[in-house]
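What follows is one structure encoded as structure tokens, with my remarks underneath.
The values are calculated or read from the model by the stated rules, or taken from the named source; none is laboratory data. No experiment lies behind these values; they were computed from the predicted model shown. Reconstructed Cβ throughout: ideal geometry from the backbone, glycine too, with neighbour counts over all protein chains shown. Remember, those area values only see protein heavy atoms, side chains included, never the ligands or the DNA or RNA. Shrake-Rupley method; radii C 1.70, N 1.55, O 1.52, S 1.80 Å.
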Amino acid sequence: MASNLDTLVTVFGGSGFLGRNVVRALCKRDYRVRVAVRRPELAGHLQPLGRVGQIHAVQANVRYPASVEAAMRDSHIAINLVGILAEGGGQSFNAVQVKGAESIAKAAAAAGGRMVHVSAIGADADSPSSYFRAKAEGEAAVLAALPQATIMRPSLLFGPEDQFTNRFAALARMSPVLPLVGGGVNTVQPAYVGDVAVAVANAVDGKAKQGAAYELGGPEVLTMREVMQIILKITQRDRMLAPLPFGLAKFQSYFLQFAPGPFTLTPDQVEMLRSDNVVSDAAKAAGLTFTGLGISPDSMEAIAPQYLWRFRATGQFQKKSA
């Protein structure tokens with residue numbers, strides 16, 4: 001009987017937030033993991049996630065197909081986690097999330113391998129958001145090159161070191177007022193990064209339908225106002241939640257896109273907040289959700305206190321007591 005040790009999985013973007021969790025999940029299942037990143041010398045933090053020799057980092061840039069082909073050499077499965085939230089320089093949505101995804105799919109097809117492509121709930125070719133349009137175009141490009149590829153569309157990801165809950169927790173530390181773009185009435189279905197990593201690993205195991213798109217949302221549908229209230233409750237902060245009309249938010253974003261850290265807000269991110277980010281009824285009916293993959297997802301209120309405690313009003317950063 002073949003062992004997972006005989007299977008080489010190349011994870012593009014494996015050193016990032018989701019990538020670290022995916023690599024950990026694959027190592028627990030004894031896969032050999034090749035991590036393809038732009039700066040492999042900065043991926044040393046991944047080594048403790050597996051056994052000696054189980055993880056190997058190589059250089060690859062999805063904007064250069066030749067490097068992608070080299071990273072896929074002798075590999076059986078490709079996982080694409082590469083994505084950007086804001087454009088800058090040569091890192092455009094089209095170059096990374098469309099052309100880059102296509103290059104990975106073509107390389108996987110040429111190697112006779114399978115592919116798991118991570119996109120996003122909200123991917124829509126007609127979306128007012130450039131990010132969501134690129135995600136939809138990337139999915140189409142992947143399936144055109146490799147029709148049996150499996151698509152994973154997570155909602156907003158949360159977990160240690162995320163750019164979601166940690167961002168607002170940090171903002172609450174610095175500001176007495178937290179803005180709610182559009183009044184905070186749009187809904188999201190936050191997904192725990194560990195659950196999404198398990199979903200990707202399950203797909204690698206062959207437990208997901210090929211050519212299908214799974215929508216991965218947590219157990220609760222929350223408005224952005226409710227999300228902010230949960231974060232404030234966990235961090236024990238009393239802050240005013242002030243509605244910010246979309247028009248004013250869009251105007252301010254032209255300046256805030258250059259702001260540092262948690263104050264950053266781009267015009268495209270404002271457009272993203274105009275739509276809900278939840279699992280569709282069609283995905284539920286087709287079983288293309290966490291449940292269809294045999295996963296019971298964790299809620300934000302169950303997981304976030306494990307890492308947001310450091311933002312509490314005491315300002316203390318020592319390890320949480322047992």
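Give me the residue from the stretch 93-135 that is of a type in the set (S, T, N, Q) and over 20 Å from residue 59 (Cα atoms) and, out of that set, surrounded by the fewest Cβ atoms within 10 Å (Cβ to Cβ).
Taking the stretch 93-135 and keeping what is of a type in the set (S, T, N, Q), we get 94, 97, 103, 119, 127, 129-130.
Restricting the remaining residues to those that are over 20 Å from residue 59 (Cα atoms) gives 94, 119, 127, 129-130.
On the way: 94: 14, 119: 24, 127: 18, 129: 21, 130: 18.
Once the filter is applied, the top-ranked residue is 94.
Tell me which residues, restricted to the stretch 1-27, are free of Cβ contacts under 8 Å to residues at least 40 places away in the same chain and over 20 Å from the mean Cα position of the chain (by Cα). Result: 1, 2, 3, 4, 5, 6.
Residue pairs whose Cβ atoms lie under 7 Å apart, separated by 6 or more positions or on different chains, with the first residue in the stretch 184-202 and of a type in the set (Phe, Trp, Tyr) and the second at pLDDT 95 or above and part of a loop (DSSP other than H, G, I, E, B), are 192/159; 192/218; 192/297; 192/298. From the list 34, 63, the lone residue that is assigned to a loop (DSSP other than H, G, I, E, B) and charged (D, E, K, R) is 63.
Does residue 288 satisfy the condition of being closer than 25 Å to residue 153 by Cα, touching a Lys or Arg at 6+ places or on another chain (Cβ under 7 Å) and modelled with pLDDT of 95 or more? Before you say what the answer is, go through the steps one by one.
Working: closer than 25 Å to residue 153 by Cα: yes; touching a Lys or Arg at 6+ places or on another chain (Cβ under 7 Å): no; modelled with pLDDT of 95 or more: yes.
Criteria not met by residue 288.
Apart from one condition, residue 113 fits all of (1) on the phi > 0 side of the Ramachandran plot; (2) modelled with pLDDT of 95 or more; the exception is (1).
Every residue in the stretch 1-31 that is open to solvent by less than 10 Å² (accessible area, probe 1.4 Å), among the hydrophobic types (A, V, I, L, M, F, W, C) and not in a helix (DSSP H, G or I), please. Passing the criteria: 9, 11, 12. Here residue 46 meets each of (1) part of a helix (DSSP H, G or I); (2) open to solvent by less than 10 Å² (accessible area, probe 1.4 Å); (3) closer than 20 Å to residue 96 by Cβ with one exception, condition (3). Pairing each residue of the stretch 163-176 that is farther than 11 Å from residue 308 by Cβ with any residue that is among the small types (Gly, Ala, Ser) and open to solvent by less than 20 Å² (accessible area, probe 1.4 Å), provided the two are 6+ apart or on different chains, yields no C-beta distance under 8 Å. Out of curiosity, is residue 82 of a type in the set (A, V, I, L, M, F, W, C) and part of a loop (DSSP other than H, G, I, E, B)? Judged against the criteria, residue 82 is a match.
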